[in-house]
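Have a look at the structure below before the remarks.
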Amino acid sequence: MQSFNWTQFIASTLSVLLLLLGAWWWVKRSKNLGVMGQSERRIRVLEALPLSLKHKMVLIQVDQQMVLASVSPGEVKTLHTWAQGADHVA
């Protein structure tokens, strides 16, 4: 009967955990690396509000313009647009 080697078991477990942690870090890092950096993007989704399982309302910034849109599986409708610095009184 062989004796169990605890040192080898702990070293192997730590090696696997370090590899998994490194892979997770690489995936997170590569997902954030795009063609352009976050500050250079012209289109950004600022907020999304789910209205039902398949419908949501999104607030999008395109350059200096804001767009409020309704998004469903079959279509996207523009609800309102305004300039970013404009007064928007309800």
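Listing for the model above:
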{"read-out": "Residue satisfying all of: in the stretch 58-73; of a type outside the set (S, T, N, Q) and surrounded by 15 or more Cβ atoms within 10 Å (Cβ to Cβ); farthest from G85 (Cα to Cα) among these", "value": "V71"}
{"read-out": "Subset of the stretch 32-57 that is surrounded by 10 or more Cβ atoms within 10 Å (Cβ to Cβ) and either assigned to a loop (DSSP other than H, G, I, E, B) or in contact with a Gly (Cβ under 9 Å, 6 or more places away or on another chain) (or both) - its residue that is modelled with the lowest pLDDT", "value": "G34"}
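The values are calculated or read from the model by the stated rules, or taken from the named source; none is laboratory data. Note that this is a predicted model, so its numbers are computed, not measured. Glycine also receives a Cβ, built like all others from the backbone with ideal geometry; neighbour counts cover every protein chain displayed.
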